[in-house]
1. So for region 188-207 (the condition being closer than 25 Å to ALA112 by Cα and free of Cβ contacts under 8 Å to residues at least 40 places away in the same chain), does at least one residue qualify?
2. Please go through region 140-176 and pick out each residue that is out of contact with any helix residue (DSSP H, G or I) (no Cβ under 9 Å at 6 or more places or on another chain) and either crowded, with 23+ Cβ neighbours inside 10 Å or farther than 22 Å from THR338 by Cα (or both).
3. Does region 336-347 contain any residue that is modelled with pLDDT under 85, touching a Leu at 6+ places or on another chain (Cβ under 9 Å), closer than 24 Å to ILE33 by Cβ and not small (Gly, Ala, Ser)?
4. On the phi < 0 side of the Ramachandran plot, touching a Leu at 6+ places or on another chain (Cβ under 7 Å) and basic (Lys, Arg), is that true of ARG388?
5. Considering only helices (runs of 4 or more DSSP H) fully contained in region 1-120, which possess at least 1 residues that are basic (Lys, Arg)?
6. Out of all the residues in region 120-139, is one or more of a type in the set (D, E, K, R), within 22 Å of TYR70 (Cα to Cα) and either modelled with pLDDT of 80 or more or crowded, with 24+ Cβ neighbours inside 10 Å (or both)?
7. When you scan region 127-144, do you find a residue that is among the aliphatic types (A, V, I, L, M), over 22 Å from TRP23 (Cα atoms) and in contact (Cβ under 8 Å) with a residue 60 or more places away in the chain, even just one?
8. Which of the residues belonging to region 369-406 are over 14 Å from the mean Cα position of the chain (by Cα), under 18 Å from VAL442 (Cα atoms) and in a helix (DSSP H, G or I)?
Amino acid sequence: MTTATDTQPDARRDALRRRTVVWVVALATLGLIFDGYDLVVYGVVVSTFLRNPGEIGEVTPEVAGALGSYALIGVLVGALLAGSVGDVVGRRKIMLVSYAWFAVFMAFTALATTTTMFGLGRFLTGLGVGALVGTTGAIVSEFAPPGKKNLCNAITYSGVPFGSLLAALLGILLLGAIGWRGLFWIGALPLVTLLPLAYFKMPESVSWLVSRGRIEEARAVSARTGMPMPDEVQPAPAAAPTIAAAPTTAAAPTTGRAGFAGLFDRHNWLPTVLLGLTSAACLLLVYSLNTWLPELMLRAGFDAKGSLAFLLVLNGGAILGAVLGSRVADRFGPKFVTSAFLLTGAVSIALLTLSVPLGVLLLFVAIAGLGTSGTQILLFGFVANYYRTNVRAAAVAWCAGFGRLGGIGGPLVGGILIGAGLGVQQIFLILAGAALLGLMFVLMVPVRRRERPQIVVVEAPQPRAGEARTEPSRP
């Protein structure tokens, strides 16, 4: 008979696990809030640069587009570098270095006096942002409880549009008082806030430790955090002569090659390419709108604060849509929801060309946020749960990194289209077409068949003198 005393250790372990998950999701979300702020604050100040050459030099629409892209080139490089080493050195180390890196170079950018120095600062900031974005999805997926992985990823990656929303709000409230440099100094705060917290409260992933064969370290982290050991880790029969003669070992914990080599093997290359292209289409939309929407609305006749309000509504829609959509994704699968969001985004962007009352226009902008930034949030969860553990960080990094090719193009495309004299309506229709292209890519992603896990064999502890041997249960 099970007594209350028998359940107490399990209850304590469950409470410890919940606390660990809350800390991991909270720290990861806070990191991405700063990421979203750091990348989108440029869209808040770009109109200042276009109209005030005394800030960092003369800035034309084409130059402004290039400056907006430098950070995204850095994100591309940083995400791919993190993906190549994140499955080898661990998630925690990459995240701590990323927090410090992007905060330092946001401060560097705040001190810029020329377009060259500003562009260099944006590129170096992007390196840290890319490494963080490319690693966060992997660690959150490995800590999230079963059945809530898409939700936890959606909450975490909602930090990006929330940071964008924060940048727009602070721009409305503080730009006149502290200037663009003050807004960039705010982006350096993680150095003295987030980094110390993460150092003490962000554990390494138990699943990652097991995937590297570091079973004893995994057990220690499991005991400290309450996170369960993976089901495939089983004790070996004590009577097996090949195990009894050897020290504690582990067989290859997962099938297939690790990192980018496994990401492009014969089973994974097609979905990898398609998901990368989907991410590129989404991020082209995200950074086109986050960089140029305030300027487009200025040209449409709204004042400066009113144009920034559209940016706030855009990212508010992304947060709400992604969190709600993730609940549906955990039930019906992320492919269905991602496809529906992209279609919704295409329609809503096209509707921005209509002459409608302000309230209706704001609604269309909010839905456009759901279909662009909101879709990208769901896509990270899709990718993080689509691949096996030993290529998961590489997959998320690929999605974040390759997708940044579209992100790089977003500010550039906006600058080129505005510089060419196209009207606001024409630009919105071009962006709606990009959303339909992303929809085509995600519909082509094959459905993943679940693979049976490979058993990890570890030596069972030897019984003490006088203790009876017991046969382990068969897996």
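The values are calculated or read from the model by the stated rules, or taken from the named source; none is laboratory data. Because the structure is predicted, anything quoted here is derived from the model rather than measured. Note that each Cβ is placed from the backbone with ideal geometry, even for glycine, and that neighbours are counted across all protein chains shown.
1. Yes, region 188-207 contains at least one residue that is closer than 25 Å to ALA112 by Cα and free of Cβ contacts under 8 Å to residues at least 40 places away in the same chain.
2. Result: LEU173, GLY176.
3. Taking every residue of region 336-347 in turn, none turns out to be modelled with pLDDT under 85, touching a Leu at 6+ places or on another chain (Cβ under 9 Å), closer than 24 Å to ILE33 by Cβ and not small (Gly, Ala, Ser).
4. no
5. Correct list: 4-51, 91-110.
6. Yes, region 120-139 contains at least one residue that is of a type in the set (D, E, K, R), within 22 Å of TYR70 (Cα to Cα) and either modelled with pLDDT of 80 or more or crowded, with 24+ Cβ neighbours inside 10 Å (or both).
7. No, there is no match, as no residue in region 127-144 is among the aliphatic types (A, V, I, L, M), over 22 Å from TRP23 (Cα atoms) and in contact (Cβ under 8 Å) with a residue 60 or more places away in the chain.
8. Of everything in region 369-406, those that are over 14 Å from the mean Cα position of the chain (by Cα), under 18 Å from VAL442 (Cα atoms) and in a helix (DSSP H, G or I) turn out to be LEU370, GLY371, TYR386, LEU405, GLY406.
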